[in-house]
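Okay, structure first, notes after.
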Amino acid sequence: MRFILALITSLALLNLPVSAATIFPSISSEDLNGVLKDLPQDLPGNPTIVFLAYKQGQQSDVDNWVYKMGLDPSQGAEFVELPIAGRGARLIKRALNNGMRSGILDPDMRARTITIYESVNSLNKPLGFKDRDEIRILLVRQNGEVLWSASGEATPSKIAELKSLYTSTK
């Protein structure tokens, strides 16, 4: 016990962080307009609100967040939607992207939709997520630093927290 207290005190005196910040992994993929994006450096803002969705049925949760946050793809707070199709979906990438394009007619929204054709773990593991049962909402800088994250439905407290942090870090 004394050793642990001495170690913590020493680290505090040295001004060393006890834990490292969460970093968004580097991933390349095209938005629905066909423009290659290297994430996180090509995120549209610094910071950007990032929505991760793992299943088609989760789109309504993302839409609810976008609506309750008052996000507009042509102005205001910067955000992106990252549907994670998985590595196996690369075989049908063209069909998936065309299907999503047919449902998203606005070119500004298409630019904010970047389908990820990598394994779920390539995102979840570095971000500290264990499953794909709920959407994830993150606030990410272009250098990859994750400033904030949450999972699941848009609650008043989560929305207030995200709006406050987005405004203060803009």
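The values are calculated or read from the model by the stated rules, or taken from the named source; none is laboratory data. Being a predicted model, the structure only gives us computed values, none of them experimental. Note that each Cβ is placed from the backbone with ideal geometry, even for glycine, and that neighbours are counted across all protein chains shown. Only protein heavy atoms, including side chains, enter the accessible area calculation; ligands, DNA and RNA are left aside. Shrake-Rupley method; radii C 1.70, N 1.55, O 1.52, S 1.80 Å.
Taking LYS163 as the anchor, which lysines have their alpha carbon closer than 17 Å to its alpha carbon, excluding any fewer than eight residues away along the same chain?
LYS68
Can you give me the angle between helix 93-103 and the longest principal axis of the chain, using Cα atoms only, in degrees from 0 to 90, rounded to the nearest 10?
80
Within 10 Å, Cβ to Cβ, of LEU36, how many net charges do the neighbouring residues add up to if Lys/Arg are +1 and Asp/Glu are -1? Don't jump to the answer; show the numbers that get you there.
Working: positive: LYS37; negative: GLU30, ASP31, ASP38, ASP42.
Around LEU36, the charge tally is -3.
For the chain, set up a Gaussian network in which alpha carbons nearer than 10 Å are linked by springs, and say which option among ILE104, ILE92, ILE49 fluctuates the most.
ILE92
If MET109, MET100 are ordered by their accessible area, calculated over protein heavy atoms with a 1.4 Å probe, which sequence runs from highest to lowest?
Numbers: MET109 30, MET100 50 Å².
Output order, biggest surface exposure first: MET100, MET109.
What Kirkwood hydrodynamic radius, in Å, does the chain give when the mean of 1/r is taken over all pairs of distinct Cα atoms and then inverted?
On the way: mean 1/r = 0.0583 Å⁻¹.
That comes to 17.2 Å for the chain.
Calculate, for the chain, the solvent-accessible area per residue in square angstrom, rolling a 1.4 angstrom probe over the heavy atoms of the protein chains. It would help to have the intermediate numbers written out before the result.
Values: 9680 Å² over 170 residues.
For the chain, the solvent-accessible area averages 57 Å² per residue.
Divide the volume of the convex hull of the Cα atoms of the range 85-170 by its number of residues and quote the answer in cubic angstrom per residue. Write down the numbers at each step before the final one.
Numbers: hull volume 11.6 nm³, N = 86.
Convex hull of Cα atoms, per residue: 135 Å³.
TYR117: net charge of surrounding residues, Cβ under 12 Å, Lys/Arg +1, Asp/Glu -1, itself excluded? Numbers along the way, then the final one.
Numbers: positive: ARG87, ARG90, LYS93, ARG94; negative: GLU30, GLU118.
Once positives and negatives cancel, what remains is +2.
Quick one: order PHE79, PHE129 from most to least accessible surface, probe 1.4 Å.
Values: PHE79 0, PHE129 30 Å².
Ranking PHE79, PHE129 by accessible area, largest first, yields PHE129, PHE79.
Be a star and scan the range 89-112 for residues whose amide nitrogen sits under 20 Å from the point 7 Å along the Cα-to-Cβ vector of LEU36.
Hits in the range 89-112 for LEU36 at 20 Å: 90-95, 97-98, 111-112.
If Lys and Arg each add +1 and Asp and Glu each add -1, what is the summed charge of the other residues whose beta carbon sits under 13 Å from the beta carbon of THR167? Intermediate values should be presented prior to the final figure.
Details: positive: LYS163, LYS170; negative: GLU78, GLU161.
Once positives and negatives cancel, what remains is 0.
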